[in-house]
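In what follows, a structure is listed as structure tokens, so that the remarks can point back to it.
Since every read-out is calculated from the coordinates, none of them should be taken as a lab result. The structure presented is a predicted model; accordingly, all values stated were derived computationally and were not measured. A quick note on method: Cβ atoms are made from the backbone with ideal geometry, for glycine too, and the neighbour counts reach across all protein chains shown.
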Amino acid sequence: MTSESIKTAIVTGGASGLGYAIAQKFVQQNIRTIIIGRNEQKLQQAKETFGELCTYIVFDLTNLAGIPALVNHIVEAYGRIDILVNNAGINMKKPFTDVTDEDFQQIILTNVTSVFSLSREVVKTMLPHGSGAIVNISSMTAQYGIPKVIAYSASKTAIEGMTRAMAVELSPLGIRVNCVAPGFIATDMSAKALDNDPERKNKVLSRTPMGKLGTPADVADAVYFYATEGARYVTGTVLPVDGGNSIGF
Ligand code: NDP
């Protein structure tokens, strides 16, 4: 493959959990991958593992004002962006009445507003080429009601609506937009939510027909499908990767 035909992807939160597996899959498939996060040490470690095709940028995505310059910098360095995976996200488990306005806003800012701002700036750079693929990451909280994650549920439900709204507006211009809805996948984030709450963990497993948590690689394979040629006629969809959790009894 010539260097001109190598695609360039951004994976937010690509130094850990699902994002790490997504970045790993992309690099293995010869996609130049830029991972973004706040923790330089984690990013550096991931870059060292992934090698030449991976670059990292330390950036806090809640810094909305800095996003246009971030995207300009990426385009100047790599020419164009073919794929954007909006994976970075935060969760917070608290009873409904304990959630402060600040808590709620922080989740929405990270999981929704920054996804919008980054997507808008990246789309501006994709439009002249008439092509691109955006993959958003939702969750089971957008499929059914889960207690103690009110802000997270609001954010992920917004992501699914935004996926459809972006798809109808951008697909005629050559940019496909889809969403992966992971079920319960073994990462640091899910460990925080499940490991000290055996009742919740049992409930998760008992309504998952495949009877186990997923792995980050399970999600990465679905994201890779959406991001590449195999999904050339697929847009505006949400794919649960959940061992059947969303349809479990
Ligand atoms: P992790 O906590 O392992 O990873 C989250 C990543 O997001 C980190 O790399 C973190 O990097 C990055 N991030 C968070 N906030 C910011 C920010 N303000 N700016 C830049 N980067 C940020 O979580 P998961 O891998 O489990 O989750 C990834 C995505 O998948 C999330 O959107 C999550 O909601 C979703 N998801 C996960 C599920 C699961 O079971 N694990 C289930 C359903 C959905 P850093 O700390 O360096 O900033």
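Backbone geometry of segment 164-174 corresponds, through the Karplus equation with coefficients 6.51, -1.76 and 1.60 at θ = phi - 60°, to 3J(HN,Hα) couplings of 5, 5, 5, 4, 5, 7, 9, 4, x, 9, x Hz, x marking Gly and Pro. By the equivalent-ellipsoid construction on the alpha carbon gyration tensor, segment 22-129 comes out with semi-axes of 27, 18, 12 Å, ordered largest to smallest. Residue order for 179, 54, fewest other beta carbons within 10 angstrom first, comes to 54, 179.
Exceedance of the 27 Å cut-off in Cα-Cα distance is limited, within the set 93/212; 42/124; 7/42; 47/148; 25/203; 94/201, to 42/124; 47/148; 25/203.
The charge dipole of segment 139-218, taken about its Cα centre with unit charges on the Cβ atoms of Lys, Arg (+1), Asp and Glu (-1) only, comes to about 180 debye. May I ask you to list the chymotrypsin sites (Phe, Trp or Tyr not before Pro) in segment 117-209 that are in a DSSP loop and have at most 16 other Cβ atoms within 10 Å of their Cβ? Those satisfying the criteria are 144.
Within the chain, the proportion of Cα pairs with more than 32 Å between them is 17 percent. Taking the C-alpha atoms only, the angle from helix 17-28 to the longest principal axis of the chain is near 30 degrees. Here the chain is assigned +1 on the Cβ of each Lys and Arg and -1 on the Cβ of each Asp and Glu. Its dipole about the Cα centre then comes out at about 400 debye. Between residue 196 and residue 69, the FRET efficiency estimated from the beta carbon spacing at R0 = 30 angstrom works out to 0.15.
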